[in-house]
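The values are calculated or read from the model by the stated rules, or taken from the named source; none is laboratory data. Values in this document were obtained by computation on a predicted structure and should not be read as measured data. Reconstructed Cβ throughout: ideal geometry from the backbone, glycine too, with neighbour counts over all protein chains shown.
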Amino acid sequence: MKNMKFNTKAIHGGQENIDPAYGSVMPPIYQTTTYSQSTPGGHKGFEYSRSGNPTRSALERAIASIENGNYGMAFGSGLAAIDAIIKLLKSDDEVISTNDLYGGTYRLFTSIFEDFGIKFRFIGMQNADKIDEYVTDKTKLIWVETPTNPMMNIIDIKKAAAIAKKNNVLLAVDNTFATAYLQRPLDLGADIVMHSATKYLGGHSDVVMGTLAVKDKELADKLYFVQKASGGIAGPQDSFLVLRGLKTLHVRMQRHCENGKKVAEYLSTHPKIEKVYWPGFKDHPNYDIAKEQMDDFGGMLSFTTKGNSYDEAIKIVENLKVFTLAESLGGVESLAGHPASMTHASIPKEDREKTGVVDSLIRLSVGIEDADDLIADLKQAIG
């Protein structure tokens, strides 16, 4: 069926004829490395599981479907997916990246790929028009994360796409925080959309994976080649878990959004809280852009305490009972993190503070528990 709406795609997208042998409703887990051939090259579409596996292929079609792409790829982690994108580049090429980004992405760019001669320029992208000023004849890729991690900055994907097209460079968007339920970058002009599927797509904190989706066949073929040649693939068990996660993405995201709003509004009125960063507030930078390019505002938020005390922030996250102090995000359970000492510890203090990642910043991944229990937990922890 063509033109399915999102909630239907999450369950059925790309899943036609998934098990011709027995008609299984869920894709079987093909836990195999290799496939029999009737004659050299005479196989049924799969020859070796690094280059292709039926369970992974079912997931890759599902990812393409929810992002309105034509091709999907699944990797062993979000960073493996980003790694594949950067491997499209050559020494002396340049990348323009948002300066407020996941610490692991920053580390991959600066500690690994800079040594191969690729240059990264980290800039503020709240005013997307500014990107154009940094484009040179060596620029090959613009890297956008929106909302950003952990400051929840909103970057105008349409404007970034227009600049990329004008200069004939690729635009890649990390869509982990919003997911395709809230935001579809390919429809807004991006060339590549990337997910840490570990987060909302898997949704149950039990799988590490990364995905890409694209529309263009030539670009897809290059990425499939890197996937096969570099080997950072997702395995069949993990592919099955993310396929299962996708089937409830829409109902989970709806509740994440509802709970995120309630928690953000509670914190914004708390006398001990200095600032709450959540894209749904009308005074949030680029709120108008968020309203236009997202269907809702998600379950991620960050906040700072009055006095900006490192020790006080640590005490709050230690005192939480329903929220779990842990790395990662996007699972059904609520998680709290302290970016300065956890996710963004690899970014120098001076650099992280410039983007707002101060000592007292606490990031919340608001889960799908009862919102009243989450608010009561924050109340007792903050005091």
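Could you list, in sequence order, all residues of the stretch 1-45 that are in contact (Cβ under 8 Å) with a residue 12 or more places away in the chain, among the β-branched types (Val, Ile, Thr) and farther than 23 Å from residue 250 by Cα? Correct list: 29, 32, 33, 34.
Sub-9 Å Cβ pairs linking a first residue in the stretch 81-106 that is not assigned by TED's automatic domain parsing to the domain that holds residue 124 to a second residue that is buried (at least 18 other Cβ atoms within 10 Å of the Cβ) and outside any loop (DSSP other than H, G, I, E, B), at least 6 apart or interchain, number zero. Based on this model, can you work out whether residue 145 counts as free of Cβ contacts under 8 Å to residues at least 60 places away in the same chain, under 19 Å from the mean Cα position of the chain (by Cα) and within 30 Å of residue 237 (Cβ to Cβ)? Spelling it out, residue 145 is indeed free of Cβ contacts under 8 Å to residues at least 60 places away in the same chain, under 19 Å from the mean Cα position of the chain (by Cα) and within 30 Å of residue 237 (Cβ to Cβ).
Evaluating residue 184 against the criteria (1) buried (at least 21 other Cβ atoms within 10 Å of the Cβ); (2) basic (Lys, Arg); (3) more than 30 Å from residue 129 (Cα to Cα) leaves one unmet condition, (3). Pairing each residue of the stretch 209-220 that is assigned by TED's automatic domain parsing to the domain that holds residue 88 and hydroxyl-bearing (Ser, Thr, Tyr) with any residue that is assigned to a loop (DSSP other than H, G, I, E, B) and buried (at least 17 other Cβ atoms within 10 Å of the Cβ), provided the two are 6+ apart or on different chains, yields C-beta distances under 6 Å for 211/197. The set of residues in the stretch 92-125 being surrounded by 16 or more Cβ atoms within 10 Å (Cβ to Cβ), over 19 Å from the mean Cα position of the chain (by Cα) and part of a loop (DSSP other than H, G, I, E, B) consists of 93, 118. Looking at 57, 49, 65, can you tell me which residue is under 19 Å from residue 224 (Cβ atoms), buried (at least 18 other Cβ atoms within 10 Å of the Cβ), without any contact (Cβ under 8 Å) to a residue 40 or more places away in the chain and assigned by TED's automatic domain parsing to the domain that holds residue 185? Of 57, 49, 65, the one residue that is under 19 Å from residue 224 (Cβ atoms), buried (at least 18 other Cβ atoms within 10 Å of the Cβ), without any contact (Cβ under 8 Å) to a residue 40 or more places away in the chain and assigned by TED's automatic domain parsing to the domain that holds residue 185 is 57. Could you please let me know if residue 128 is buried (at least 17 other Cβ atoms within 10 Å of the Cβ) and free of Cβ contacts under 8 Å to residues at least 60 places away in the same chain? When the stated conditions are applied, residue 128 passes them. Among the residues of the stretch 254-283, write down those that are in contact with a Ser or Thr (Cβ under 9 Å, 6 or more places away or on another chain), assigned to a loop (DSSP other than H, G, I, E, B) and farther than 19 Å from residue 149 by Cα. Scanning the stretch 254-283 gives a single hit, 272.
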